[in-house]
Amino acid sequence: MDTILTINIVIAVVFTCCYAYQLFFLAVPFTKKQEPHKPEVLHRFAILICARNEEAVIADLIQSIRHQTYDQSLLTVFVMADNCTDATADIARREGAVVYTRFNREKVGKGYALEQLLLHIEEDYPKVYDGFFVFDADNVLDCRFVEEMNRTFSDGYEVVTSYRNSKNYGDNWISAGYALWFIRESRYLNNSRMLLGTSCAVSGTGFLFSRQVMESTNGWKFHLLTEDIEFSVHHILQGRKIGFCADAVLYDEQPVHFRESWNQRLRWSKGFYQVLGSYGKRLTEGIVKHHSFQCYDMMMTLAPATLLTLLTIVVNLVFGFAGVILGHTSWTVMMLEAVGGNLFGIYMSLFFFGLITTITEWKRIHCRAGKKILYLFTFPIFIFTYIPIAVVAIFKKVTWVPIPHTIAKNVQEIRS
């Protein structure tokens, strides 16, 4: 029994030590200010949108681009209508985008669509653009998004990511779980990394990369299930620092049905395993040989922490059942107390992160006050649902499956 208690303590200590830096990150935005921007240079940007059957939402994104405060003559919107069977391409053309189409049932996913879109642009508009924005069709942008991103780009960052907010925070506990996680990631991970001078990480959508970055990989060559994380890890290993622009706000749509959420997060979990398998050795070398915090940070991002939590629970439950069989009720009581204590501790930790994020980002969370408070309590439960997803992702073959987007809103409607 002492052995099991020791195992519990060791796992708890290891887990705490590995992720303690994220607790430190909470204090950084309150103690450190962003350095002033360098003189701004106006750049010419290509805006890349890969869309599959997005006729309900793509017009809102393009219109939000057309309402940017940035010089419109320096922006060109390109849409790759990827295996579409609806009016996505026609609507994008009507809104003034340059549209290409792609039909390929074997190479499926955003990475392949981006790769072909960049090939088309370089063939038809060679050497025209200084940088490339990547958006998903369900996004909408604050009117100063491009202007603010360009300021950070002008500071010398070759990759810049943005503040990820939500179109539908208040729909239910699932959409709120996603949104609160992404807001916390923006405010207390990427923002803190930026303030400390280490590298940030791209999160899904709403990022910018330079022509030099594109040419260094000869286009887009990232095709794992989480191409955003693969892209981030690759460039961090190349020595690049990914910047973050806290004033560039993007809104995207979150799933509201558990089945859709399960499928999406299953793909993400599998993709994290893929990236860890492909880049884990090089990240470890960066940590050991070069003492790189950036590599360590990315390793902790990829590490399957939910599996460590599950292992702790399973070990305790096994010994608890053994106590029942062998008649040692004290074992069972002790193990159940350990499991309950572990789960309660994790719940309170997640609640604390959610609470700090909700308080500090209150005005940026667009839903009723009562829902903001309610979804604080369901946020840890949403994260707990990653545990079975992480297990299934180990054994199940996962392919890219599109998530339907139906919420057509502009920024004013979201904020109201």
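Can you give me the number of residues within segment 17-47 that are out of contact with any Gly (no Cβ under 7 Å at 6 or more places or on another chain), within 16 Å of residue 150 (Cβ to Cβ) and open to solvent by less than 50 Å² (accessible area, probe 1.4 Å)?
2
Could you tell me how many of the residues in segment 110-133 are open to solvent by less than 30 Å² (accessible area, probe 1.4 Å) and either aromatic (Phe, Trp, Tyr) or out of contact with any helix residue (DSSP H, G or I) (no Cβ under 7 Å at 6 or more places or on another chain) (or both)?
The total comes to 7.
So, residue 151, is that one open to solvent by 10 Å² or more (accessible area, probe 1.4 Å), closer than 17 Å to residue 242 by Cα and assigned to a strand (DSSP E or B) or not?
Considered against the rule, which asks whether it is open to solvent by 10 Å² or more (accessible area, probe 1.4 Å), closer than 17 Å to residue 242 by Cα and assigned to a strand (DSSP E or B), residue 151 comes out as no.
State all residues of segment 263-278 that are basic (Lys, Arg) and either over 26 Å from residue 364 (Cα atoms) or open to solvent by 40 Å² or more (accessible area, probe 1.4 Å) (or both); if no residue qualifies, say none. Step through it out loud before you land on a result.
Filtering segment 263-278 down to residues basic (Lys, Arg) leaves 265, 267, 270.
The answer is 267, 270.
Scan segment 180-204 residue by residue and report those that are at negative phi and modelled with pLDDT under 95.
203
Consider only pairs whose beta carbons are under 6 Å apart and that are at least six residues apart or on different chains; among these, list those whose first residue lies in segment 238-262 and is crowded, with 24+ Cβ neighbours inside 10 Å and part of a loop (DSSP other than H, G, I, E, B) and whose second residue is acidic (Asp, Glu) and modelled with pLDDT of 95 or more.
253/138
What pairs come up if the first residue lies in segment 82-109 and is open to solvent by less than 50 Å² (accessible area, probe 1.4 Å), the second is in a strand (DSSP E or B) and aromatic (Phe, Trp, Tyr), and their beta carbons are under 8 Å apart, counting only those six or more places apart or on different chains?
97/78; 98/78; 99/78; 100/78
Restricting attention to segment 300-319, does a residue exist that is touching a Ser or Thr at 6+ places or on another chain (Cβ under 7 Å), assigned to a helix (DSSP H, G or I) and either at pLDDT below 95 or polar (S, T, N, Q) (or both)?
No.
Please go through segment 61-81 and pick out each residue that is in contact with a Cys (Cβ under 6 Å, 6 or more places away or on another chain) and open to solvent by 30 Å² or more (accessible area, probe 1.4 Å).
67, 69
Looking at segment 329-409, what helices (runs of 4 or more DSSP H) fall wholly within it and have at least 1 residues that are surrounded by 15 or more Cβ atoms within 10 Å (Cβ to Cβ), of a type outside the set (A, V, I, L, M, F, W, C) and modelled with pLDDT under 95? Full working, then the answer.
Details: elements: 329-360, 369-384, 386-395.
Output list reads 329-360, 386-395.
Across segment 209-229, which residue is farthest from the chain's Cα centre (by Cα) among those that are buried (at least 22 other Cβ atoms within 10 Å of the Cβ) and without any contact (Cβ under 8 Å) to a residue 60 or more places away in the chain?
My answer is 226.
Out of all the residues in segment 34-61, which are part of a loop (DSSP other than H, G, I, E, B) and not charged (D, E, K, R)?
34, 36, 37, 39, 41, 42, 43, 53, 56, 57
The values are calculated or read from the model by the stated rules, or taken from the named source; none is laboratory data. The structure presented is a predicted model; accordingly, all values stated were derived computationally and were not measured. Methodologically, a virtual Cβ is constructed for each residue, glycine included, from the backbone with ideal geometry; neighbour enumeration extends over all protein chains shown. These accessible areas exclude ligands, DNA and RNA; they are computed on the full protein's heavy atoms, side chains included. Shrake-Rupley method; radii C 1.70, N 1.55, O 1.52, S 1.80 Å.
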